[in-house]
């Protein structure tokens, strides 16, 4: 998968339009047992990518590029991830943005929260935003977290092949 991502990032259309690309890969830790202790399920294998473009039109230009599509389709054939993955445009709300980490390799926790079917995207965003505010207001959270961002769906990307 690394070779596919490197090839995608080397494309001229990608270099022209994408400002930032983060690749987030789960790492095993003792945190897994703690998080299961409060009701979350065993983490499934995931790779998350977060990218930034100046506008959704810039991302559309990347998605429309034939070479980009070819790379994604090749990766789909090899790894089979598109049909089980999601991609969406989002806004990011920074709840805590403290000083830089002292650690060279800070620990990051990623939560992917899925709504029950009875909630709309807007309702989920409101409910979870309130919950996150309450959690981050707790003294232990104020002492512990140096940064917290919440990514909320604006709308889904136009093409499923954009999920790379």
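Quick note: the coordinates plus some simple rules give every number you see, no bench work behind them. These numbers come from a predicted model, not from an experiment. Here the Cβ is made from the backbone with ideal geometry for all residues, glycine too, and neighbour counts use every protein chain on show.
Here are the numbers for this structure:
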quantity: Tilt relative to the chain, helix 66-79 - C-alpha long axis, 0 to 90 degrees, to 10; calculated: 60
quantity: Rel. contact order, % - alpha carbon contacts under 8 angstrom, at least six apart, the chain; calculated: 30
quantity: Packing-based exposure ordering (other Cβ within 10 Å, fewest first) of 87, 49, 55; calculated: 55, 49, 87
quantity: Descending semi-axes in whole angstrom, ellipsoid equivalent of region 2-163, from the Cα gyration tensor; calculated: 30, 19, 18
quantity: Ranked packing of 60-69, 15-24, most packed first, by mean Cβ within 10 Å; calculated: 60-69, 15-24
quantity: C-alpha center-to-center spacing [region 128-143, region 6-27] in angstrom; calculated: 32
quantity: Principal-axis tilt of helix 121-137 within the chain, Cα atoms, nearest 10 degrees; calculated: 40
